[in-house]
Each structure stands twice: as structure tokens, then as C-alpha cells.
């Protein structure tokens, strides 16, 4: 057997920890370049920390103070128009007039929220502009006067009052809005809510002997049955995240203001509505179906549902004491069943939005 001589053993190179790969000397001449490198590095770090142009920190602007944190944001503290690059609000909660809140959609849609209260109403609109990548926030509240203020006009007859206000979005003309009903554990049938929806889309009125304005607005609705899922609102009556289903019905909004009767949320893509949810308050409220005498302090389910369907279709609250007899007035009192049928302004608003069938 041939014996191979052992391979010569190589000296292991010692690691040059803390040394330049090119200079490993220890004399003064070798230390000077190293000191220069350290000084240059410290100088660059100081420049970066100062945020001077051309540094990494200068490319990432700090969020403005009003954008800090992850909790709810008060609309009154925010600019009306917000650039997402400056403060990305998507997924955060914005609180508007009267405590009305909504979660800013993450999917690029806009959201409009409406409250109907015993003493007035509130609106919050969070509109996303995909062309400019900006969000516009508008909010407002309407308090119904107690009694008739001095010098104010008497409420106009709903059959001659042509005032109305519309939202920036609506369903496409000719749409059939398909919706499901949620009982909210109340055991109530869908009948009275469905009647309110029909009163709006089919323009039922007490202003004509035949009980209907003509021509009908070019929009309709279809009931698809019950839903185990509640409307996409929180216990504080805030708009949550949409799920692609239009759900109308009952919800225990225990954390909402005590005077809230109902809330409606509408999501839209540009000028086109894509989903709406409507919730009537079960917490601490008595409701009247319209049959028999009205229990003291109860509210008409059909009247409230007709009003909220106005929001579903793109109507906003009318302002001024003179319009208090219209369905879209910002207040509804106990046992008041009048708003369950449309006034002239309510009908004119739907025709302005959808034209005639």
C-alpha cells in the first residue's frame, strides 16, 4: 500500500476584528485612516439624524400630531381634506357631530352615516377620492327646536313642501335593492320594516286620493328573507365594515346616545352606492306597529323605516323648521305615523335621483 505523505498544515488566519480588511497594522500611520473612517461615519450619522435632504429620514415625513395613535379621531380636530400619504385613516374610526362614528373603509369605498334621534339628527360622510388618494370628511347635526321659535315659519304642508336634500351617491337607475331582515332577538316579523321600504320606493302618500305619487321613481326593492347576521353597525350605532349584504332590522345599540332611534350606513364607490345597512334601536325603546292605539312614548316602526329607507336611496335630512312635516325631517316624535308616507319634497328628491320608471 502506498503511503502518501501528510499534507502540509496551513496556519489558520487570525480574524481581523475591528480592523480594515486592507490595513491590519498597529502603528500610527495605520491608525490614522481608521480614525478618518470613524469620523466620517459619525458625521454621516449626525447628518442623517438632522434630517437633511438626501438622507433616509428626510424621505419619510413624520405623521402630523392629529394623526398620532390608533384610537378614534374626532372629525372636528381633523382637516376637511386629508392626503393618505400624510395620514392613512383607512381602518380607523372617525367620530363626527353628536358622537356619530364610522370606520374608514379599507377597500377604497366611501361611507355615509345617518342618525335619527328623538331631538334631531346627525350626519357623517367620509368620502374617498381614488384620483387624488385623498379623504374628505364632512359632518353636521340638526337639533329639532322645542316648540316653534319666535319669528319662525309654521311647518309647511307636506303635500306642497318641495324641499329635499340628496347625498353624493345613489344606486344606479333601475336598480332593485335586495335586502335581508334581522330580528335582533326581538321576535318581530319583517312586516312593518318591509312596509316602510315599500312606502319609499313605491312613493306611497296621503297627498293623493289614490295613495301614490306618479310616476314612480326608477328604483325598487326586493325582500330576500331573514338574516342571522346583524346590520354592520356597532353597539354605539357606528358604521362598521361592510360585508356585501344589505341588512335592515333591529339592533341593541346599548352604547349609543340615549336619544338615538335608528341609524343607517351607506357605502359607495364614487357616485354609486354599493351597500346599505339599517338598524332600529331596541335598547330602551318602545315601538308601535301602527295597529290599534299607540302606547305612550312608543315610536312608529313604519315611519322610522320609511325615513331610513330615504337614506338607503340617497336622501339626506331636510333642514329648517318649515320642513318638519316631511318624511326626511330630522326628527320624529312618539306616536307620529305621518312620516310613514312621502311628502312632495321626499318624492321630488327621489325623482331627482332616479328619474321616472
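We did not get these values from a lab; they are worked out from the coordinates using the rules stated. Given the structure is predicted, the values throughout are model-derived calculations rather than measurements. We place every Cβ from the backbone using ideal geometry, glycine too, and count neighbours over all the protein chains shown.
Quick notes on this one:
- C-alpha center-to-center spacing [the range 195-265, the range 284-350] in angstrom: 12 Å
- For the range 74-113, projected area of the alpha-carbon convex hull averaged over all directions, nm²: 2.9 nm²
- Neighbour-count ranking [beta-carbon atoms within 10 angstrom, fewest first] of 311, 182: 182, 311
- Packing-based order for 189-195, 325-331, using average beta carbon neighbours within 10 Å, highest first: 325-331, 189-195
- When each of the peptides 250-258, 65-73, 84-92 is scored by the mean number of other C-beta atoms lying within 10 Å of its residues, the order from highest to lowest reads 250-258, 84-92, 65-73.
- In terms of surrounding Cβ atoms within a 10 Å radius of their Cβ, 307, 317 rank from fewest to most as 317, 307.
- Label-point gap, in nm, between residue 178 and residue 77 - each point 7 angstrom along Cα→Cβ: 4.3 nm
- Diffusion constant of the range 233-357 at 25 °C, which comes from Stokes-Einstein with the Kirkwood Cα-pair radius and 0.890 mPa s, µm²/s: 160 µm²/s
- In plain terms, the residue of 164, 181 with the fewest other Cβ atoms within 10 Å comes first and the most crowded comes last, giving 181, 164.
- Shape metrics for the range 153-278, restricted to C-alpha atoms - Rg then Dmax, Å: 16.2, 46
- The peptide list 200-208, 341-349, put in order of mean Cβ contacts within 10 Å with the highest first, becomes 341-349, 200-208.
- Full extension of the chain between residue 229 and residue 90 gives 47.7 nm of extra length, using 0.36 nm per residue less the Cα-Cα distance.
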